[in-house]
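Nothing in this text is a laboratory measurement; each read-out follows from the coordinates by a stated rule. Quick caveat: nothing in here was measured; it's all calculated off a predicted structure. For neighbour counting, all protein chains shown are included, and Cβ atoms are generated from backbone atoms with ideal geometry for every residue, glycine included.
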Amino acid sequence: MCGPTLRDRSPSVVFVVTRTPYDGAMTVISPKHFPTFRASLPSMADKTVVITGTTSGTGQIAARTVTELGAKVLVLNRTSERSTRSFAELTGAFPDADLHNVECDLQSFASVISAAEAVARLCPEGVDVLANNAGVMALADTATGDGFDVQMQTNHLSHFLLTRELMPLLERAAEGSGEARIVNHSSIARMSPSKTLVAKNLEKQGGHLGGDGSSLENLILRGPRWQRYNQSKLANAAFTAALHHKLTNAGSNVKALVAHPGLANTHLQQTSVNEGGMVGFFTNMFMRFAQSPEDGAMGLLSCMCLPDAQSGQFYGPGSGSNAFKGKAEPFALESFYDNIETRDLLWSKSEEAIGGEFSI
Ligand SMILES: NC(=O)c1ccc[n+]([C@@H]2O[C@H](COP(=O)([O-])OP(=O)(O)OC[C@H]3O[C@@H](n4cnc5c(N)ncnc54)[C@H](OP(=O)(O)O)[C@@H]3O)[C@@H](O)[C@H]2O)c1
């Protein structure tokens, strides 16, 4: 990429900015709203919940909360020490709960298909809640083994495939209990910078989508890594809008909802710093404005659990671009992605990517 880099600045500034490690792991932000919110949640006994990305952050909080509320819970994670440890912590905290750790690497469509087959074997009763939570942010311009942008496949395309594969189980649960839910996890980033979904980001062009950006661009959360993240989070919202319209038109009792966590102090930023997409010095300052992972999980949990949550609703700490923290409130899907052109583009390009139809 062209443009100024940190190397153009004075050596002392460059040293401080580039060498300061991210201390997010040491920063403990206390939950502010979560205890009251948690007390308002209903029992989830007799519900089967499937959730991706529970090794840390909002997914870990959500998995723990619905387990505590009595649900049968399947956590879908790629194999790692983090996956083993977090599942051991969950089963250790709730030894009598009905918990299952299903291998699912969202960078691989084959892994997603295998995970969906495992879910079908484990859940003949159906699936009440599918929470498409997992995500990565500001990674380098690399292709997955399937050829897609690593952020778009992890954050959206694999969740699109997982949802298609689990739709019969969601419909089965909805027939039995009157409703089931698909919950996607978007971000404030859906609004940046253009609010327009661009087809190439959903195509097999991984590794050729703008490069990795300069140090300065990554310092100020701009540039191609961030554009690709923004597109994937816009795709999460557009997927929800498309699902909502298709399910409603089909008379289905499966709901489609979407959440955003504001700015939450999770492992997401650590991964970005490790991968060069954020600078430790700036991230330390920026994350002082974050809320706890518990408070960040309230939008996701609202969509998953609240009895009055409706299809086509968005839950988060506000709808604006500075909605960093606060109680999760519902708001309507927004016209910049809830329009025919964007919904059709999202659906057709996602079908093309997974190599097959997703009919509702
Ligand atoms: N934190 C925020 O401020 C913020 C803001 C807006 C939106 N969000 C969204 O919130 C969601 C949860 O993120 P978080 O903040 O809780 O971050 P996090 O702590 O990093 O959690 C992300 C989860 O996704 C999993 N994941 C990543 N790549 C995966 C893959 N290929 N296959 C399976 N799982 C994978 C991670 O597992 P591994 O251990 O395997 O990496 C981890 O469990 C994401 O969709 C993110 O975009 C977060």
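Over the stretch 246-296, what relative contact order in percent results from Cα pairs under 8 Å that are six or more residues apart?
Dividing the mean separation by the residue count of the stretch 246-296 yields 45 percent.
What percent do you get for the relative contact order of the chain when only Cα pairs under 8 Å and 6+ apart count?
Computed value for the chain: 21 percent relative contact order.
With just the Cα atoms defining each centre, how far is the stretch 178-211 from the stretch 271-324? Give it in Å.
16 Å
In percent, what relative contact order does the stretch 204-264 have, based on Cα pairs under 8 Å that are 6 or more apart in sequence?
Across the stretch 204-264, relative contact order equals 21 percent.
Cα axis of helix 224-249 to longest principal axis of the chain: angle in degrees, 0 to 90, nearest 10?
The angle comes out at about 20 degrees.
A 24 angstrom limit on the alpha carbon distance is what I want to check against. Which of Lys204/Lys325; Lys233/Lys325; Lys195/Lys325; Lys195/Lys349; Lys204/Lys233 exceed it?
In this structure, Lys204/Lys325 lie more than 24 Å apart at Cα.
Please give the peptides 38-49, 119-130 ranked by average Cβ packing (other Cβ atoms within 10 Å per residue), highest first, as a rough proxy for protection.
119-130, 38-49
How would you rank 56-66, 310-320, 287-297, 325-335, highest first, on the average number of other Cβ atoms within 10 Å across their residues?
Listed from highest to lowest mean packing, they are 56-66, 287-297, 310-320, 325-335.
Per residue of the chain, what 222 nm ellipticity follows from adding -39500 (n - 2.57) for every DSSP H run with n ≥ 4, rounded to the nearest 500?
-12500 deg cm²/dmol
Quickly rank 349-355, 182-188 as a protection proxy: mean count of other C-beta atoms within 10 Å, highest first.
Put in order of decreasing packing, that is 182-188, 349-355.
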